[in-house]
Amino acid sequence: MPVVQNNQGSVFQGMLAPYAARAESSLGRKHPETPPESRSPFQRDRDRVIHSSAFRRLEYKTQVFVNHEGDLYRTRLTHTLEVAQVGRAIARQLGLDEDLVEAIALAHDLGHTPFGHAGQDALQECMSDLGGFEHNIQSLRIVDRLEVRYGDFPGLNLSFETREGILKHCAKSKAADLGDVGERFLRGTQPSLEAQITNLADEIAYNNHDIDDGLRAGLLDLQELCSNSLYGSIYSEVQDRYPEASKTILRHETGRRLINLLINDLVAETRQRIQSNHITSIAEVRASTRPLAAHSPEIAGQIKSLKSFLFHRMYRHPRVHRQAEKAKRLVRRLFHTLREDPRLLPLKYQARIQATDQQEKSRARIVADYIAGMTDRFAIAEYDRLFDPHGEA
């Protein structure tokens, strides 16, 4: 298959599908810029995300387990890289723009708090009467405003298509405040297929690596896990093929086959929906009243069952619950203390408060920005500095 290169440097194995997002017809950036000579707009987006400070902090943010408890467990960074890999594999089979998928994948978790979902739940609770907190809206806030790197504009000034993909879900009550990327939630329309498959690649990646981490940490029992039809059927096939293999090999072989099955099912079902709906352009993708990227009903049901198993067996495990409760208390106390006395904040955050309208919601949002940007270890150190009599001031 010939390699095709456009005048902005994008290289594709063959031509993009007619329903793919196209760099040359991008809906643009909030702040106009001269197009790059050697990169597509989506490649520029990807590069800007990779070089951002928020992206680097993902290395020390928890996925499920507290980061400092084990060096081999996934962090937000390793999860993000896995989502990008799965997403690109799907995009290649469907003829979609891989660079856009990668840009969305690398940016989708930038707004996550320390301590995984426990940290987010605590911050959402603290902000419930002050505008709320949602990690994907925070990701958009980071790329639109909070990253400070460029002289001509705030944030990273990413393309509409990347920003659209970052905003996976949003309440209608908040959509109106988000401008162009919030409109689809008011109209009931869809984002690009690149955005849709990245959302599903996220699910494929975290289900698989939570199983892997849960087994290695002793939070999941292999025999119980094999009672799940989706995982158990694949594990049995692997055992039959490699009867002398260790449990470690069997686990990894099952994991990679599970990912392969989910990718192939997603590609087949998405192709079928594109064909049956006669989709021939990205405009028709966006006008659709339901997602075009999806798993088949059979596999979707098995995924739902697997997620339910993980929720009850792992996410509610006493060890995970204890760590989650500790994290929630830490985040709550940090928030309330810093909100009550903003003089405890770093000077640049104090300056931001001084520059606002001084309303309670504005001050609370800046405190939430500060806490959401922390890594696990920084949040623990900040807690010690504020509350440990022997801690460093």
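From the C-alpha gyration tensor of region 341-393, pull out the three semi-axes of the equivalent ellipsoid (sqrt of 5λ each), sorted largest to smallest, in whole Å. Working shown, then result.
Values: eigenvalues 103, 29, 14 Å².
Semi-axes, largest first: 23, 12, 8 Å.
Magnitude of the Cβ-charge dipole of the chain, K/R +1 and D/E -1, about the Cα centre, nearest 20 debye? Don't jump to the answer; show the numbers that get you there.
Numbers: 53 positive and 53 negative charges, 118 e Å.
The calculated dipole for the chain is roughly 560 debye.
When the dipole is taken about the Cα centre of region 320-387, and only Lys, Arg (+1) and Asp, Glu (-1) are charged at their Cβ, what size is it in debye, to the nearest 20?
On the way: 15 positive and 9 negative charges, 31 e Å.
With Lys and Arg at +1 and Asp and Glu at -1, about 140 debye.
A simple spin-label model places the labels of GLU24 and SER362 4.6 nm from each other, with each point 7 Å out along Cα-to-Cβ. For the pair ILE249 and GLU33, a Förster radius of 56 Å applied to the C-beta separation gives a FRET efficiency near 0.65, rounded to the nearest 0.05. The GLN223 and SER53 beta-carbon pair, evaluated with R₀ = 45 Å, returns a calculated FRET efficiency of approximately 0.55. Computed from the Kirkwood radius of its Cα pairs, the Stokes-Einstein diffusion coefficient for region 256-296 at 37 °C and 0.692 mPa s stands at 303 µm²/s. Taking the convex hull of the alpha carbon positions in region 286-328 and averaging its projected area over all directions gives 5.0 nm². Identify the residues of region 200-226 with backbone N under 17 Å of a label point that sits 7 angstrom from the Cα of SER233 along the Cα-to-Cβ direction, or state none. Once the point is set 7 Å along Cα→Cβ of SER233, 225-226 turn out to lie under 17 Å by backbone N, inside region 200-226. Summed over qualifying helices (DSSP H, 4 residues or more, each -39500 (n - 2.57)) and divided by its residue number, the chain shows a 222 nm mean residue ellipticity of -17500 deg cm²/dmol.
What's the ranking of 229-235, 114-120, 247-253 by average number of surrounding C-beta atoms within 10 Å, highest first? Provide the component values of the computation, followed by the final result.
Details: 229-235: 17.7, 114-120: 24.6, 247-253: 14.0.
Descending packing order for the listed peptides: 114-120, 229-235, 247-253.
With each label modelled as a point 7 angstrom along the Cα→C-beta vector, the ALA355-ASP180 pair spans 2.4 nm. A cut-off under 9 angstrom between Cβ atoms defines the neighbours of ALA201, and their net charge, with Lys, Arg +1 and Asp, Glu -1, is -2.
Provide Rg over Rh for region 106-162; use the alpha carbon set for both Rg and the Kirkwood Rh (inverse mean inverse pair distance).
Values: Rg = 12.7 Å, Rh = 12.2 Å.
In region 106-162, Rg relative to Rh is 1.04.
Its residue count N sets the reference 2.2 N^0.38 Å, and the alpha-carbon radius of gyration of region 46-317 equals 1.04 times that reference.
Expressed in nm to one decimal, what extension gain is obtained for the pair ARG271 and ARG319 from 0.36 nm per residue of sequence separation less their Cα-Cα distance?
Result: 13.1 nm gained on full extension.
Note on region 53-175: the alpha carbon radius of gyration divided by the globular reference 2.2 N^0.38 Å gives 1.11. Across all Cα pairs in region 302-349, the calculated P(r) in 5 Å bins from zero up to the longest distance comes to 5, 18, 14, 13, 12, 10, 10, 9, 7, 2, 0 percent per bin. Against the empirical curve 2.2 N^0.38 Å, the C-alpha radius of gyration of region 180-235 lands at a ratio of 1.68. From the largest down, region 265-355 spans 60, 42, 17 angstrom on the principal axes of its Cα atoms. Largest GNM mean-square fluctuation among ALA103, ALA201, ALA379, using the chain with Cα springs under 10 Å: ALA379. Remark: the LEU344-LYS172 segment gains 58.4 nm on full extension, using 0.36 nm per residue and subtracting the alpha carbon distance.
The numbers here are math on the coordinates, done by the rules we state, and not lab data. Just so we're clear, the structure is a prediction, and the values are computed from it rather than from any experiment. Backbone-built Cβ (ideal geometry, glycine too); neighbour counts: all protein chains shown.
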